[in-house]
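Right, one structure below, let's go through it.
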Amino acid sequence: MKKKYLIPLIVLVVVVIVVVGKIALGPAPFASAYTKIALKKNFSTAYLAHTKPNPGTSPGNIANDASQNAANVMVYVMYACEDYQAGHISKTQLLQVMQNTKPAIDYITSLFNQNYPTVMTYPTINESRGLSYVETESDGSQQGSTVNFVKLQPKIFDLLTQMYQSQDPNTIIQDMKQFGVYMEQGSFYFEFNTQYGLEQINVGSFKPEWILKNVNETADSVQECMKTWIKEDK
């Protein structure tokens, strides 16, 4: 065989091996385990079947938990964005993740929108955490949510609505980071009515932990459950 044909042939063989390998391993062989779950078309059906609030859950609890429940879904979007930037998935696959997770986010957003107006009718009381909207439970106990935390929540869900309307990966990535910013700021707002030092929490300094640590259930525990739920939801 002449040398001039040897290199092209080797390149062709390598390309074939890579293509066949990708087909054998699946549609996103190098993507994270989270992204692979989010690429399942029944993601939201499986997720929502096991995460809806119990009957009788108070409006305050539903509204307070909404952004953290959304964060559990956004963990999957975050990993998909990372995989897209690393070239592990295509734009089409990233948009597929957005499509698959949208029903879950839509449901959580709807829950928030239904319960937020009720929370805003609660009296504001200066309690141990500062000025808070205070809900009185049926047993007479009280639950307070700081004013700053409560008022941050609409920004979070407006952002999510905007994010899911986009078909541009760069916009989705920026919105995902902004979501993380709001979640980290919310963790301060929930405990204290102060903005001290929050200017350091911004998109430019985004850290994955701003989403990962501000979830309702740990990301790993949800992931383990999703592996089972996805299989159950044929």
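The values are calculated or read from the model by the stated rules, or taken from the named source; none is laboratory data. Everything numeric here is computed off the predicted structure, so don't read it as measured data. Note: ideal-geometry Cβ built from the backbone for every residue, glycine included; neighbour counts use all protein chains shown.
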Residue check for Lys91: charged (D, E, K, R), modelled with pLDDT of 95 or more and within 13 Å of the chain's Cα centre (by Cα)
no
For residues that are in contact with a strand residue (DSSP E or B) (Cβ under 7 Å, 6 or more places away or on another chain) and not in a strand (DSSP E or B), scanning just region 121-144, find the one that is farthest from Ile62 (Cα to Cα).
Arg129
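It is to be established whether one or more residues within region 205-212 are touching a Phe, Trp or Tyr at 6+ places or on another chain (Cβ under 6 Å) and surrounded by 13 or more Cβ atoms within 10 Å (Cβ to Cβ).
No, region 205-212 has no match at all.
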Please pick out the residue among Ser110, Ser187 that is modelled with pLDDT under 95 and closer than 30 Å to Thr45 by Cα.
Ser187
For region 143-172, enumerate the residues that are at pLDDT below 95 and among the basic types (Lys, Arg).
Lys151
Find all pairs meeting these conditions: Cβ atoms under 6 angstrom apart; at least six residues apart or on different chains; first residue within region 117-134 and in contact (Cβ under 8 Å) with a residue 40 or more places away in the chain; second residue part of a strand (DSSP E or B) and aromatic (Phe, Trp, Tyr).
Val119/Tyr133; Tyr122/Tyr133
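If you check Asn42 against the conditions, is it in contact with a helix residue (DSSP H, G or I) (Cβ under 8 Å, 6 or more places away or on another chain) and either of a type in the set (S, T, N, Q) or crowded, with 19+ Cβ neighbours inside 10 Å (or both)? Reasoning before the result, please.
On the way: in contact with a helix residue (DSSP H, G or I) (Cβ under 8 Å, 6 or more places away or on another chain): yes; either of a type in the set (S, T, N, Q) or crowded, with 19+ Cβ neighbours inside 10 Å (or both): yes.
Against the criterion (in contact with a helix residue (DSSP H, G or I) (Cβ under 8 Å, 6 or more places away or on another chain) and either of a type in the set (S, T, N, Q) or crowded, with 19+ Cβ neighbours inside 10 Å (or both)), Asn42 qualifies.
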So, in region 86-111, how many residues would count as being within 11 Å of Ala66 (Cα to Cα) and not in a helix (DSSP H, G or I)?
0
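Just the residues that are among the β-branched types (Val, Ile, Thr) and either within 22 Å of Thr51 (Cβ to Cβ) or surrounded by 14 or more Cβ atoms within 10 Å (Cβ to Cβ) (or both), please, taken from region 106-123.
Passing the criteria: Ile108, Thr109, Thr118, Val119.
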State yes or no: is Gly140 at pLDDT below 90, surrounded by 15 or more Cβ atoms within 10 Å (Cβ to Cβ) and not polar (S, T, N, Q)?
no
Of the conditions (1) buried (at least 21 other Cβ atoms within 10 Å of the Cβ); (2) out of contact with any Gly (no Cβ under 9 Å at 6 or more places or on another chain), Ala71 fails just one. Which one is it?
(2)
Selection count, region 135-151, where residues are under 18 Å from Asn69 (Cα atoms) and in contact (Cβ under 8 Å) with a residue 40 or more places away in the chain
3
